[in-house]
1. Give the whole-number value, in cubic angstrom per residue, of the convex hull volume spanned by the C-alpha atoms of the range 240-303.
2. Rounded to the nearest 10 degrees, what's the angle between the helix 338-362 long axis and the longest principal axis of the chain, both from Cα atoms, 0 to 90?
3. Quick check on packing: order 350-360, 211-221 by the mean number of other C-beta atoms within 10 Å, highest mean leading.
4. Beyond 14 Å, what percent of the Cα pairs of the range 190-266 remain?
5. Take the chain, connect every pair of alpha-carbon atoms lying under 10 Å apart with a spring to form a Gaussian network, then pick out the residue of Asn319, Asn377, Asn102 with the largest mean-square fluctuation.
6. Determine ³J(HN,Hα), in whole Hz, for all residues of the range 203-212 in sequence, where each value follows from phi through the Karplus function 6.51 cos²θ - 1.76 cosθ + 1.60 and θ = phi - 60°; x replaces Gly and Pro.
7. Would you work out the relative contact order for the range 290-383, in percent, from Cα pairs under 8 angstrom that are 6 or more residues apart?
8. Over 25 Å apart: what share of the alpha carbon pairs of the range 337-440 falls there, rounded to a whole percent?
Amino acid sequence: MPELGTTQNETRCDVLVVGGGPAGATIAALLAARGHDVVLVEKDRHPRFHIGESLLPMNLPLLDRLGVGEEVAKIGMVKYGAEFVSPYHRKTVTFNFGNAWNKNFPYAYQVRRSEFDLVLLDNARRRGARVIEECKVTGVEFDPDGGSRARATHADGRVASFAARFIVDASGRDTLLANRFQIKERNSKHNSAALYGHFRGAERLPGEAEGNISIFWFDHGWFWFIPLADGTTSVGAVCWPYYFKRRQADATSFFLETIALCPEAAHRLRDAELTGPATATGNYSYRARHCSGPGYLMLGDAFAFIDPVFSTGVFLAMNSAFLGAEAVETCLKEPHHAARALRRFEAQVRDGIDTFSWYIYRVTTPALRELFMGPRNVLRVEEALLSLLAGDIYGRRSIRRRLVIFKCIYYLNSLRHVKTSMSAWRNRRRAISEATVEAS
Ligand SMILES: Cc1cc2nc3c(=O)[nH]c(=O)nc-3n(C[C@H](O)[C@H](O)[C@H](O)COP(=O)(O)OP(=O)(O)OC[C@H]3O[C@@H](n4cnc5c(N)ncnc54)[C@H](O)[C@@H]3O)c2cc1C
């Protein structure tokens, strides 16, 4: 087992965290606060741009537990709910988090990720983690007697090496360990890609609803509208891959053409201008075959990413970091319980992803859209659905039971509209099996 400290060629630590996004910064802060020697290596320098700006209400207790709730409140735009706009039903429905089962978390924030991620990374530093930026981990080897060694390269070309008792992969979509073990799999049940940009001068909702996220459905997918505190609005189109294959123009022109296909979104942007070029992100739904093993675990996007429709990414990443911190603590302090702790971590992480996935896979089906556009609080099912949208999926059995009832209603609804449901599933399967779309 490596001793702690730094030799001339090698930095030694208890825990090496790869990646300083929400997952990495969270687990680094938690483990350093418990007295472990933590080194976090980040390939970029914060503040840096990242997409994924809409948080969930259940992020807030996590931020408070990290001690950064007030700091995030200063940079965030308050989001009381989510508005779904459907041209197929010619109506708009707003889900207010204040009506969820648990009324204690009535809002969340929209944040610029450059600012948010910096708050989390600074917090990790304050709590004692050694943070090394502009240093990219390029390879990891596992020692037969436990522990691991990682190679990295600094921005100026210097090579670094690390020896750790435990390694946490929080490298996001770079999926360092999943690639290393060749266990990353494209999601066979879901497939989409995105185009996004930031606008100045977009029309916002009035009053308290100004910070709400809006989701606009249209024929090729859906749009997000995320109002940020500095007056700009993040807008993105998430579409089936077949649609992106049509693209002939550059990303910005294609983005503007796509917006024109959704009159409700176009209307809100009629007086707005893009603040920079649009960005395209290729197919992004994947999962690794497992997220833990002897001496390592994977957090957040380093393990799996489904789809941003319910803004679950940052919450799942941070939550996996809280679960992961417990597992790592056990592995370091009670190695004889390590296997059990990692199994528990793995089960909890998978459960969160699977719970959201069921809704995400069906959100474009007519049966689910109908339920979203005509919510009814029969047996408190709507409150449970709101809790799901708020990220409140861990814990209460009563919410889980109502979500089972919701699923039964969904299946009955599908049977009532069996023809349209079947054709929607066929279209969906065809869209998913389309060839991979690459980002540019
Ligand atoms: C189009 C789109 C829209 C989204 N919208 C939302 C949303 O509205 N709300 C939401 O909650 N989520 C959203 N997400 C998801 C969200 O962006 C991610 O789930 C979230 O950022 C995951 O956090 P993470 O810490 O796991 O990874 P990341 O935030 O990606 O952090 C990983 C970090 O690791 C660093 N890194 C990578 N490789 C290395 C290496 N080899 N060495 C050192 N450092 C490395 C990277 O520089 C990065 O800083 C969206 C995603 C997409 C694609």
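1. Working: hull volume 9.3 nm³, N = 64.
Given the Cα convex hull of the range 240-303, per-residue volume reads 145 Å³.
2. Tilt relative to the chain: about 20 degrees.
3. Values: 350-360: 17.2, 211-221: 21.4.
The densest-packed peptide leads the list: 211-221, 350-360.
4. On the way: 1773 of 2926 pairs.
That fraction is 61 percent.
5. Asn377
6. Going residue by residue, I get 6, 10, 6, x, x, 4, 7, 3, x, 5 Hz, with x marking Gly and Pro.
7. Numbers: 61 pairs, mean separation 24.1, N = 94.
Relative contact order here is 26 percent.
8. Numbers: 1941 of 5356 pairs.
The answer is 36 percent, as a whole percent.
The values are calculated or read from the model by the stated rules, or taken from the named source; none is laboratory data. Please read all numbers here as calculations on a predicted model, not as lab measurements. All Cβ positions, even for glycine, are placed from backbone atoms using ideal geometry, and neighbour counts span all protein chains on display. These accessible areas exclude ligands, DNA and RNA; they are computed on the full protein's heavy atoms, side chains included. Shrake-Rupley method; radii C 1.70, N 1.55, O 1.52, S 1.80 Å.
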